[in-house]
1. How many Å³ per residue does the convex hull of the Cα positions in the protein assembly as shown occupy?
2. State, to one decimal in nm and shortest first, how far the label point of B:PRO105 sits from each corresponding label point in the other identical copies (label point: 7 angstrom along Cα-to-Cβ).
3. Taking the Cα centre of region A:34-135 as the origin and placing charges on Cβ (Lys, Arg +1; Asp, Glu -1), which of A:VAL104, A:ALA58, A:THR81 is farthest toward the positive end of the dipole?
4. Excluding ligands, DNA and RNA, what is the solvent-accessible area per residue of region A:34-135 at a probe of 1.4 Å, expressed in Å²?
5. Enter the accessible area of A:ARG9 (Å², nearest 10), with the probe set to 1.4 Å and all protein chains included.
6. To the nearest 10 square angstrom, what accessible area does A:TYR128 show with a 1.4 Å probe?
7. Summarise the accessible area of chain B (1.4 Å probe, protein heavy atoms) by the percent that is carbon and sulfur.
8. Per DSSP H run of n ≥ 4, the term is -39500 (n - 2.57); total these for the protein assembly as shown, divide by its residue number, and report the mean residue ellipticity at 222 nm rounded to 500 deg cm²/dmol.
2 protein chains.
Amino acid sequence: MVTMTAAQRREREKAAFDAYMDACPTHQLMGIIGNKWSTMVLMDLAHGARRYAEVSNALPGVSAKMLTQTLRSLERDGFVTRTVTPAVPVQVEYTLTLLGERIVPLITSMQEWADRHMDEIDAARKNYDDGRHLASG
Amino acid sequence: MVTMTAAQRREREKAAFDAYMDACPTHQLMGIIGNKWSTMVLMDLAHGARRYAEVSNALPGVSAKMLTQTLRSLERDGFVTRTVTPAVPVQVEYTLTLLGERIVPLITSMQEWADRHMDEIDAARKNYDDGRHLASG
DNA sequence: CAGTATCCCCTCGGATACTG
DNA sequence: CAGTATCCGAGGGGATACTG
């Protein structure tokens, strides 16, 4: 089946690339901090230990479901420690691990980059959108 | 209606926070580079100008739809320049803008962080998953 | 207080087919 | 070559209601 070789090689390259993407540390990191609440939670915990309700108050937009889900992911990935103190009612405290503290500077550098360049991005968007509407008229 | 004050203040805080999130440069940046193909495209273009098919070949996993969509977004946001050369067939070349070149170091630093810490994250995940299965047994 | 469970929408992204 | 158009499934994320 020599005729299929090209398509087959395509298939193999794609499969290999997909596997590479799944294993790629950068994309795994994106999966961790790329969702809506992770960075916000991380940056809030960077100020010190917080209880569930405290994080919830600091982030008025987050639903209980997403806060729990975000916290659980961060715990599983080793960024956050969850400490339960038996009491009535039960107390739960979240703190950054060492790994959690180590990602803070990275997030900070992303914030700084964003702050420095967002004006330029906004300008580019306006420029592009104006060009489009002219082109269509 | 003094009785509604607490709930109303909640609503207002949430609305204000939502507005803040939408305007937050960091989250806008996440929206730009947080999707599946943006960083890959950016890093490919960092090596020099590329034609559509060249990027497509460099990234065997991307569909035409997503490649076009990613390229268009990056163009709109000012990271990429699209140059059409009238010919038969038409030639289209993509290059990084100055803004595009300026985000490369940020992506590189994310890659380096990911490479340095992914082992630790994997270990944390295994640890967490083991703990869960013990807790459930 | 600190969640869990359920429903539901909406966007992201892939597959396929077609075009100048 | 460099796309566009359409359909579709997966899952991220919100609203609501309930619980130890």
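The values are calculated or read from the model by the stated rules, or taken from the named source; none is laboratory data. Keep in mind that this is a model prediction, so the values were computed, not measured. With ideal geometry, Cβ positions are generated from the backbone for all residues, glycine too; neighbour counts draw on all protein chains shown. With ligands, DNA and RNA removed, areas are computed over all heavy atoms of the protein, side chains included. Shrake-Rupley method; radii C 1.70, N 1.55, O 1.52, S 1.80 Å.
1. 212
2. List, nearest first: 1.5 nm.
3. Final value for the positive-end residue is A:THR81.
4. Numbers: 5420 Å² over 102 residues.
For region A:34-135, the per-residue accessible area is 53 Å².
5. 140
6. Per-residue accessible area (A:TYR128): approximately 40 Å².
7. Within chain B, the accessible surface is 54 percent carbon and sulfur.
8. Working: 12 runs with 188 residues, N = 274.
The helix contribution divided over the protein assembly as shown gives -22500 deg cm²/dmol.
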